[in-house]
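Have a look at the structure below before the remarks.
The values are calculated or read from the model by the stated rules, or taken from the named source; none is laboratory data. None of the values given here were measured: they were computed from a predicted structure. All Cβ positions, glycine included, derive from the backbone under ideal geometry; neighbour counts span all protein chains shown. For accessibility, only protein heavy atoms count, side chains too; no ligands or nucleic acids. Shrake-Rupley method; radii C 1.70, N 1.55, O 1.52, S 1.80 Å.
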Amino acid sequence: MAADTARPLDANKTDGELELDRVFALQKKAYAAAPFISYDQRMASLDKIIRLTEANEQKFIDAINADFGNRARHETIMSEIVITVSGAKLAKKNLKKWIRPRGVATPAHMLPAKSRLEPQPLGVIGIISPWNYPIQLALTPVIAALAAGNRVMIKPSELTPHASEAMRAAIASEFDETVCAVITGGVETGQAFTETPFDHLLFTGSTPVGIRVAQAAAKNLTPVTLELGGKSPVIIDDSADTAKAATSIAQGKMLNAGQTCIAPDYVLASPDKVDAVAEDIANAARTLYPEIDTTADYTSIISDRHFARLKTLVEEARDRGAKIIEVGSANALHPQRKLPLTLVVDPPEDIGIMKEEIFGPILPILSAKTQDDAISRINEGDRPLALYWFGNDRVARDRVLEKTVSGGVTVNDVLWHFAQENLPFGGVGKSGVGAYHGETGFETFSHMKPVFYQSKFAGTALLHPPYTEKTDKILSFLRKIL
Ligand code: NAD
């Protein structure tokens, strides 16, 4: 057993696993030698993230494009570059405040002692990121971990090899590997990563893999933040402007061709509105993407395997007699794996699109007779990562907010709660454990250490033995005032 890793030494380890063990040992050693990273060093690290993201913008655009077949350039700029840089800038702006101890009220009988929560770096953090936003979903947790004064190792997805390599090179160009490093490799490396005794592990990916990650991390009692997936519903209330809602839904669903963890997964509307909603979403999609096959604005499905899975889901719905509206044509040969937005109206409950997270441009539109039916429908499933509500009736809105539990909510739009960095982002139940973004991210990667500063005027000696009648009097006084 090596001194700095709980994983056994093994001659059959892959290059990725050996690199993982080597860098982890280095980071642990560096942490032991310098457990506290100063404010100035953290600010410098955040500057490095900004610099490497901006300097490598074109490389990231090209790499992600190569991985996807086609990834809309504007989507990469908005969702990878801008979100990462703005996250780092927000951390820089607030770091002085976040790093300060938080005062906690001290009860009157303990005065004049003082109580504080003192943020402390946890040590070495592991981050496992998925393929759908390969730069942003790796670097935004890194920002939070570095702001909190940690050392960080990233294991990106093997499905985006170009983006992973571009990110590895960019990080290596700015950071010493004892502070931040990228470990690339296949599934074995991913598994080995989860077995490494990090001081905290943040995993972004699917719920089934998240469960395996939590089980592996539990062997070392490594605390985990799990950013998972699920089926995020949209409710269109009768009070909503349907055409306006439809534009938001089409945009949010077609961004990255639906390969977004918080993409609308299905829509609920009154039975008499379902057809109009479908038509409005189809019209909005045609306006947003007049041409699916040839436009560079519309992103491809990541792999042949994922493309085939989505096609099978549509075929199953078709075979089961569901009404299907394919918006625009996709070339039958699918040279770039472009899948048109496919609306499925009131499908049977027992088919794939109703049971699993869709994660592509297929959108079931379901009838819900009443508001309570919509709420029950949502509550019958796992707790969603996001919920969207459209309308103008505040009572109806508050009823949905009260009676459903989801990771986050955007009212009268989709996705935007994610981009509001001051709001914590995370799931609940099967859609995730814990959260990050903004100050919450800083706290996720800190030990918020409670410290009680006793006063030299403290009367605690009055409670020391030997116990006498005087002790009884003091105790009965305390019991009256507490
Ligand atoms: P995934 O779970 O297949 O893989 C995620 C990461 O885990 C990848 O880096 C992969 O290499 C690694 N991995 C796979 N098997 C592993 C194992 N046994 N042990 C350790 N690591 C392993 O997910 P994906 O297909 O890359 O991403 C899509 C899923 O991620 C969707 O469910 C989506 O909703 C979810 N997601 C969630 C968020 C969020 O913020 N909550 C964001 C993006 C994606």
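By how many nm would the segment from residue 54 to residue 394 grow when fully extended, if each residue of separation counts as 0.36 nm and the alpha-carbon distance is taken off?
Details: separation 340, 0.36 × 340 = 122.40 nm, distance 4.20 nm.
Extra length available between residue 54 and residue 394 comes to 118.2 nm.
Hey, with R₀ at 35 Å, roughly what FRET efficiency would residue 102 and residue 272 work out to, going by the Cβ-Cβ distance, to 0.05? It would help to have the intermediate numbers written out before the result.
Details: r = 52 Å, r/R0 = 1.50.
Result of the calculation: an efficiency of 0.10.
Calculate the FRET efficiency for residue 218 and residue 451 from the Cβ-Cβ distance with a Förster distance of 25 Å, rounded to the nearest 0.05. Walk me through the intermediate numbers first.
Numbers: r = 29 Å, r/R0 = 1.15.
For R0 = 25 Å, the calculated efficiency reads 0.30.
Compute the relative contact order of segment 102-224 as a whole-number percentage, counting only Cα pairs closer than 8 Å that sit 6 or more residues apart in sequence. Let's see the in-between values first.
Numbers: 192 pairs, mean separation 30.2, N = 123.
Computed over segment 102-224, the figure is 25 percent.
Got the relative contact order for segment 233-425 handy, in percent, Cα pairs under 8 Å and 6 or more residues apart?
Working: 344 pairs, mean separation 55.9, N = 193.
It rounds to 29 percent for segment 233-425.
Between segment 52-96 and segment 211-230, how far is it from one alpha carbon centroid to the other, in angstrom?
27
For segment 205-272, state which trypsin sites (Lys or Arg not before Pro) are in a DSSP loop and have at most 13 other beta carbons lying within 10 Å of their beta carbon. Mind dumping the intermediate values first?
Details: sites: 212, 219, 231, 244, 253; in loops: 219, 231.
Loop-located and lightly packed - 219.
Tell me the carbon and sulfur percent of the accessible area for the chain, rounded to whole percent, probe radius 1.4 Å. Kindly include the intermediate steps, with their values, before the conclusion.
Working: 12030 of 21730 Å².
Whole-percent figure for carbon plus sulfur exposure: 55.
Relative contact order, percent, of the chain when contacts are C-alpha pairs under 8 Å separated by at least 6 residues?
Values: 966 pairs, mean separation 87.3, N = 482.
Averaging sequence separation for qualifying contacts and normalising by length gives 18 percent for the chain.
Using a Förster distance of 35 Å, how high is the FRET efficiency between residue 315 and residue 168, based on the Cβ-Cβ distance and rounded to 0.05?
Working: r = 39 Å, r/R0 = 1.10.
E(calc), rounded to 0.05, equals 0.35.
Using a 1.4 angstrom probe, figure out how much accessible area the chain has per residue, in square angstrom, rounded to the nearest whole.
45
Distance check, please: which entries in 231/253; 97/456; 59/155; 114/449; 92/253; 28/155 exceed 23 angstrom between their Cα atoms?
Violating the 23 Å Cα-Cα cut-off are 97/456; 92/253.
Treating the angle as unsigned and between 0 and 90°, give the value, to the nearest 10°, between the Cα long axis of helix 394-403 and the longest Cα principal axis of the chain.
Approximately 60 degrees, to the nearest 10.
Please give, to one decimal in nm, the separation of the simple spin-label points placed at residue 462 and residue 47, each 7 Å out from Cα toward the Cβ.
For the pair residue 462/residue 47, the computed spacing is 5.4 nm.
Select from 335, 299, 411 the residue farthest towards the positive end of the dipole of segment 233-425; place +1 on Cβ of Lys and Arg, -1 on Cβ of Asp and Glu, and compute about the Cα centre.
335
With +1 on each Lys and Arg Cβ and -1 on each Asp and Glu Cβ, and nothing else charged, work out how big the dipole of the chain is about its Cα centre, in Debye to the nearest 20. Write down the numbers at each step before the final one.
On the way: 53 positive and 58 negative charges, 462 e Å.
Result for the chain is approximately 2220 debye, rounded to the nearest 20.
With all protein chains present and a 1.4 Å probe, how do 448, 110, 167 order by accessible area, largest first? Don't skip to the answer; put the middle values down first.
Details: 448 40, 110 80, 167 0 Å².
Heavy-atom accessible area, descending, gives 110, 448, 167.
Could you give the length gained on full extension between residue 472 and residue 118, defined as 0.36 nm per residue of separation minus the Cα-Cα distance, in nm? Write out the running numbers ahead of the final one.
Details: separation 354, 0.36 × 354 = 127.44 nm, distance 3.57 nm.
Extending this stretch completely gives an extra 123.9 nm.
How far is helix 161-174 tilted off the main Cα axis of the chain, in degrees rounded to 10, range 0 to 90?
40
Which is the longest part of the chain that has none of the chymotrypsin sites (Phe, Trp or Tyr not before Pro) sitting in a DSSP loop with at most 15 other Cβ atoms within 10 Å?
Numbers: sites that count: 36, 457, 467.
My reading of the result: 37-456 is the longest stretch.
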